[in-house]
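Single-structure report; data block below.
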Amino acid sequence: MAAPAQLTRQKQDVTAARLDALGPVPASGWSSAARSSALDRVVQQGLPHARDEYWKFTRPGGLTDAMAAPAALFRVEDTPIFDRIDRVRLVFVDGVFDAAASDDPELAGVRIDRLSQVAGADIHWAQGLYGVLEARGQSPVARPLAALNTAHATEGVLIHVTGKAQKPVSLVYERSSETADAILHHVIRIDAGAELTLLENGPAAARLNKVMEVDIADGAAFHHVRAQGRDHERQAATHIFARLGRESVFKSFTLTANGRLTRNECVIELTGDDAVAHVAGACVGDGDFLHDDTVFITHDAVNCESRQVFKKVLRNGATGVFQGKILVKKDAQKTDGYQISQSLLLDGDSQFLAKPELEIYADDVACSHGSTSGAIDEDALFYLRSRGVPEGTATDLLTLAFLAEAVQEIEDEALATEIVDRLEGWLERRRT
Amino acid sequence: MLKIENLQVKLEDEDKQILKGLDLEVEAGKVHAIMGPNGSGKSTLSYVLSGKGGYEVTGGSATLDGEDLLELEAEERAAAGLFLAFQYPVEIPGVGNMTFLRTALNAQRKARGEEEMSATDFLKFVREKAKALQIDAEMLKRPVNVGFSGGEKKRNEILQMAVLQPRMCILDETDSGLDVDAMKLVSDGVNALRDAGRGFLVITHYQRLLDHIKPDVVHIMADGRIVKTGGPELALEVETNGYADILAEAK
């Protein structure tokens, strides 16, 4: 296939090198049409480049290189997160399913298939969604890494939820190789009135490209809590594409600590009236660290609510990026949109780059956005120290307090406690 | 107990001398009051003693039972037994009052090589102290000082004092912003802590507070120095005649 002439030579080369390294698109039954059209998108768009407007704060090189940069394995001394939560665990090591370490995927009202397992079939329910929501999310901004994922994904889960799941489905991503380059693609369909909580944790691979497409029918609910661990050298580009029906609920929270490069994109379409979408993130970055939250929420129905709450604590030269957009279409009256992104810079070397955007075509809407960067509150710090709390502990208390607003977005108390405990543990260990 | 000799302090960022050779000694078991007009350096004295940044000590010394306070970090001064009740207690959103109190107490205990208090013991201990100050469970759960009224904030300061049990307490205009009932409550809280081993330095503009917390010694401070020292009658004199006579006499 000829590369489009409007792409720069550099972009064509990067894209060709990456596609070459991946080899042919995996042969597959029901998903082949989606894969080949996704591959077309990649070639048309070209992979991201530092000069792209959408990547001006985050250098995409590590995510687009032909091969993944080796990432030293990180010894985790923590007890695994969500350990106290009764859940159905599915374990992937370097992007490969580990049946022995996983639970039986038996859960009333939930059918779970794995992409690799059903790839050869001619027909599968996921055919109507695989690459479909991703393709919808390519406009008005191109997301070529997601298209690349659709074309080349080798593994993932296909979850069809028909009732209220009694416990969360938990995807655990471990890694054992310094060079694994994993491409995971999940599809989740939640039928009308059904509910699912999905948990994700772990570094997954030296480099991870992950897409999750979530279709939430009328009156259905999807809760998502994710912890991207302290693994220093891994890199990740993740996308969530969600489509919300009438009176449906989507709530996603992500905790990120360290990781050299993380780009989390979340693309949400509110297509049914009275739907609610909340996206939140808490991030703790130290040193050679870049964390990018890029969110795009489209209001295309009446009386919907969307909320973005992102908090980042940065030190020792860490960089935080936030690009958040709320697009309110002409007929999306009574939209209630809220967006806040804040950073706490613990020293002068760290930086926070934010680009909040509103684009509104309806006339009866309430949208607000705010973005701040600040140092630690010296008065509060002195107050704590004057009571005998050492400076490090006092800074941690104020750090946790700063992140609390994002963590509070998690509806389930037990899951919120897991996140807070993890944060406390990380902060305490860093101090000693 | 607290011994300040010829203390000289200027602002770190400005060429402005605030304390100009201050001498003061507070003995264990005694309550000393400092009164003085605005701008005399009273609050600066309390901040410098407790270790707040932004000041530079250019001369003199301050010791607590012989230990050089000025060499210590703020948290070390607290662990050594110094406590400042703030004129304007700081609001800390997101940090629960109980978490704050427990973290502070256990940090001090740890610094002194004592065992940390268990969560259960601590809860019992705080509830008892809070009850006397009419601080309810709700206030203990809320974030530190957030949404507290002026009176609640000051009661919370005294609660911290009661929980941390410092040897040397400095009260910086604790009466400001208090109504009569709140002042009584706060004063009762302070008086309950008076004992032979504990010293108090009460900074105030008004004699009114000293009706409730009876001082042993009253100092008048002006222009960065103690200009007159006397008994409780000195406070009454200020209340009646103002500072003019005393300041004129000092000159």
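The values are calculated or read from the model by the stated rules, or taken from the named source; none is laboratory data. Quick caveat: nothing in here was measured; it's all calculated off a predicted structure. With ideal geometry, Cβ positions are generated from the backbone for all residues, glycine too; neighbour counts draw on all protein chains shown. Calculation scope for accessible area: heavy atoms of the full protein, side chains included, ligands and nucleic acids excluded. Shrake-Rupley method; radii C 1.70, N 1.55, O 1.52, S 1.80 Å.
Using a cut-off of 9 Å between beta-carbons, work out the net charge of the residues near residue B:208 (Lys and Arg +1, Asp and Glu -1, residue B:208 not included). Don't skip to the end; give the middle numbers.
Working: positive: none; negative: B:175, B:211, B:239.
Overall, the nearby charge balance is -3.
Averaged over its residues, how many other protein chain Cβ atoms are within 10 Å of peptide A:19-31's Cβ atoms? Walk me through the numbers on the way to the answer.
Details: counts 0, 0, 0, 0, 0, 0, 0, 0, 0, 0, 0, 0, 0.
Partner-chain Cβ atoms within 10 Å, mean over residues of A:19-31: 0.
Report, by chain and number, residues whose modeled amide H sits under 5 Å from the one on residue A:93, excluding near sequence neighbours (fewer than 5 apart, same chain).
Those qualifying (amide H under 5 Å, at least 5 residues apart or on another chain) are A:98, A:174.
How much accessible area per residue does segment B:206-251 have, in Å², with a 1.4 Å probe?
Roughly 54 Å² per residue, with all protein chains present.
Could you name the aspartates and glutamates whose alpha carbon sits less than 13 Å from that of residue B:10, not counting residues in the same chain fewer than 8 places away?
Cross-link targets: B:56, B:223.
How large is ³J(HN,Hα) for each residue in segment B:197-209, as worked out from phi by the Karplus curve 6.51 cos²θ - 1.76 cosθ + 1.60 (θ = phi - 60°), to whole Hz, x for Gly and Pro?
Here the 3J(HN,Hα) series is x, 10, x, 10, 10, 10, 9, 7, 8, 10, 6, 3, 4 Hz.
If you take every DSSP beta bridge fully contained in the protein assembly as shown, what fraction is antiparallel? Give it as a percent rounded to 5.
Around 20 percent antiparallel, to the nearest 5.
If contacts are Cα pairs under 8 angstrom and at least 6 residues apart, what is the relative contact order of chain B in percent?
That works out to 29 percent.
To one decimal place, what orientation-averaged projected area in nm² is obtained for the convex hull of the Cα set of the protein assembly as shown?
Values: hull surface 139.2 nm².
Quarter of the Cα hull surface area: 34.8 nm².
Need one value for B:94-102: mean number of C-beta atoms belonging to other chains within 10 Å of its residues' C-beta atoms. Please report the intermediate quantities before stating the final value.
On the way: counts 12, 9, 3, 0, 0, 3, 6, 1, 0.
Mean shielding by partner chains, rounded to a whole number: 4.
Residues with beta-carbon under 13 Å from that of residue A:19, excluding residue A:19: net charge, scoring Lys, Arg +1 and Asp, Glu -1?
Values: positive: A:11, A:18, A:35, A:41; negative: A:13, A:20, A:40, A:65.
With Lys, Arg at +1 and Asp, Glu at -1, the net is 0.
How far is helix A:9-22 tilted off the main Cα axis of chain A, in degrees rounded to 10, range 0 to 90?
Taking the Cα atoms of chain A, the angle to A:9-22 is about 80 degrees.
Take the Cα of residue B:236, step 7 Å along the line toward its Cβ, and report every residue of segment B:200-219 whose backbone nitrogen sits under 13 Å from that point.
Correct set: B:211, B:215.
Quick check: convex hull over the Cα atoms of segment A:135-202, volume per residue in Å³, rounded to an integer?
Spread over its residues, the Cα hull of segment A:135-202 gives 120 Å³ apiece.
Chains B and A: how much accessible area gets covered up at their contact, both sides added, probe 1.4 Å, in Å² to the nearest hundred?
Using a 1.4 Å probe, the pair buries roughly 1800 Å².
What fraction of the Cα pairs in segment A:338-432, stated in percent, has a spacing above 19 angstrom?
57
In square angstrom, what is the accessible area per residue of segment A:1-143 with a 1.4 angstrom probe?
52
Taking each residue of B:160-169 in turn, how many C-beta atoms of other protein chains fall within 10 Å of its C-beta, and what is the average? Working shown, then result.
Details: counts 3, 1, 0, 1, 2, 0, 2, 0, 0, 0.
Shielding by partners across B:160-169 averages 1.
Could you tell me what % of all Cα pairs in segment B:2-250 have separations over 28 Å?
Tail fraction, whole percent: 32.
What full-extension length gain, to one decimal in nm, is calculated for residue A:358 and residue A:84 as 0.36 nm per residue of separation minus the Cα-Cα distance?
So the extension gain works out to 94.6 nm.
When Lys and Arg each count +1 and Asp and Glu each count -1, what net charge do the other residues less than 13 Å away from residue A:254, Cβ to Cβ, add up to?
Its environment carries a net charge of +2.
Counting helices only, and only those DSSP H runs with n ≥ 4, report the 222 nm mean residue ellipticity of chain A as the sum of -39,500 (n - 2.57) divided by its residues, in deg cm²/dmol to the nearest 500. Walk me through the intermediate numbers first.
On the way: 9 runs with 95 residues, N = 432.
Calculated mean residue ellipticity at 222 nm is -6500 deg cm²/dmol.
Express the relative contact order of segment A:297-383 as a whole percentage, based on alpha carbon pairs under 8 Å and six or more residues apart in sequence.
Computed over segment A:297-383, the figure is 34 percent.
Which order do the peptides A:404-414, A:231-241, A:126-136, A:170-180 take when ranked by the mean count of other beta-carbon atoms within 10 Å per residue, highest first?
A:231-241, A:126-136, A:170-180, A:404-414
How large is the helix-only mean residue ellipticity at 222 nm for chain B, computed as the sum of -39500 (n - 2.57) over DSSP H runs with n ≥ 4, divided by its residue count, in deg cm²/dmol to the nearest 500?
Details: 10 runs with 99 residues, N = 251.
So the helix-based figure for chain B works out to -11500 deg cm²/dmol.
As an exercise, use a Förster radius of 56 Å and the Cβ-Cβ distance of residue B:188 and residue A:6 to find the FRET efficiency, rounded to the nearest 0.05.
0.10
Please determine, in degrees from 0 to 90 and to the nearest 10, the orientation of helix B:150-164 with respect to the longest principal axis defined by the Cα atoms of chain B, where the helix direction is its Cα long axis.
80
Taking amide H positions as placed 1.01 Å from N in the peptide plane, with prolines and chain starts having none, which residues 5 or more places from residue B:199, or on another chain, fall under 5 Å of its amide H?
Under 5 Å from the amide H of residue B:199 lie the amide H atoms of B:29, B:168, B:169, each far enough along the sequence or on another chain.
What are the aspartates and glutamates whose alpha-carbon lies under 12 Å from the alpha-carbon of residue A:312, with same-chain residues fewer than 8 places away excluded?
Reachable aspartates and glutamates: A:286, A:292, A:293, A:405.
In degrees from 0 to 90, rounded to the nearest 10, what is the angle of the helix A:413-431 Cα long axis to the longest principal axis of chain A?
Taking the Cα atoms of chain A, the angle to A:413-431 is about 60 degrees.
Could you pull out every residue, at least 5 positions away or on a different chain, whose amide H is within less than 5 Å of the one on residue A:187? Hs are placed 1.01 Å off N in the peptide plane, and Pro or chain starts have none.
It is A:157, A:158, A:159, A:213, by chain and number.
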